[in-house]
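Structure record follows, encoded as structure tokens.
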Amino acid sequence: MSGPIDERDIGWVNEGQIGVEVRQGRTANIGGFEVVRVLPTKGRRTIGGWCFVDLMIPPDATDPDPLEIGPHPHIGLATVTWLFSGEALHSDSLGTEQVIRPGQLNLMSAGHGIAHAELSPEEGVQGAQMWIAQPEATRHGEPAFEHHGELPRVEWAQGEAMVLVGSFGEATSPARADTELVGLDMTLRSGPTEIELRPDFEYGVIPLDSSIKLDDAIVEPGWLGLVEAGPDRIRLDAGAGGGRLMLVGGEPLGERIQMWWNFVARSKEEITGAWEAWQARDTDRFGPVPSRLARIDAPPPPWLAGSD
């Protein structure tokens, strides 16, 4: 489950802030599957290398839609797939066919080009689909896929965390990371707790099932609490019932990225080239995907629309 970026996301860039700021998530429809888009959001395109976070939490839990995303392309990013419930089949142009279940991680690095599809054999799949912008050093490289059946866990008195990417405490994920970053699935018990931060990282706190107090700010489920680089710790409080959240962070990317549809690049010309290759069915760049689902055609980039 990945993308696409829509018109509202394209123009947003990072804005300066002081302390903690809160951004409201919004609903988006991806091939008939409704998600909550947390990143990009107004005033914030990236958090470290993280440039995209969709929460797959169907609003109608009694009659959810199935996940059926046909073959589509990516460039310049890594997709990070993390499920809360259900299972899904990942297929890609490398020939991969991999089922993912809760507690497991799929990470696909697009490099100069890859295509993939995602299909849930059952209804009710829930999880997070995230993108990491690849840096200049790797974004033109060969595509790759990795599946991790087990990930490290960190526990302390007020909670526990699964380390999806990067390091937290003494634990380091085996997942590939092309930039300095971290991604956690964190469960908090009742009462406040302090989380140590890297002062050179910027962070995003994304509650999943209950409101979280982030220092003095309240962040609702599906919203984003932003913490700029500088602090060496934050205070989190999920209240008496506890709560679950995603924490993403990393060194500021330091590169201005262009995002459109399922592509992450540095210029419109790069995106145009990828779009033309996909529409021309260029199998050298985007190979065939072993999937029964229909291939997804790309809409024309807005800067090309009507040029004929």
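The values are calculated or read from the model by the stated rules, or taken from the named source; none is laboratory data. Remember, it's a predicted structure, so these values are computed and weren't measured experimentally. Glycine gets a Cβ as well: all are built from the backbone with ideal geometry, and neighbour counts include every protein chain shown.
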Q: State yes or no: is G127 part of a strand (DSSP E or B), among the small types (G, A, S) and farther than 30 Å from S267 by Cβ?
A: yes
Q) Identify, please: which residue in region 222-241 is in contact (Cβ under 8 Å) with a residue 60 or more places away in the chain and in a loop (DSSP other than H, G, I, E, B) and is, among those, surrounded by the fewest Cβ atoms within 10 Å (Cβ to Cβ)? A) E228
Q | Subset of region 1-25 [modelled with pLDDT of 90 or more and over 21 Å from G124 (Cβ atoms)] | A | E21, V22, R23, Q24
Q) In region 145-196, how many residues are of a type in the set (D, E, K, R), surrounded by fewer than 17 Cβ atoms within 10 Å (Cβ to Cβ), in a strand (DSSP E or B) and touching a strand residue (DSSP E or B) at 6+ places or on another chain (Cβ under 6 Å)? A) 5
Q: Select, from G242, G287, G225, the only residue that is modelled with pLDDT of 95 or more, over 21 Å from the mean Cα position of the chain (by Cα) and closer than 30 Å to S211 by Cα.
A: G242
Q: Report yes if some residue within region 272-287 is part of a loop (DSSP other than H, G, I, E, B), surrounded by fewer than 17 Cβ atoms within 10 Å (Cβ to Cβ), aromatic (F, W, Y) and out of contact with any His (no Cβ under 7 Å at 6 or more places or on another chain); otherwise report no.
A: no
Q | Complete set of residues in region 253-271 that are under 20 Å from A229 (Cβ atoms) and buried (at least 17 other Cβ atoms within 10 Å of the Cβ) | A | L253, I257
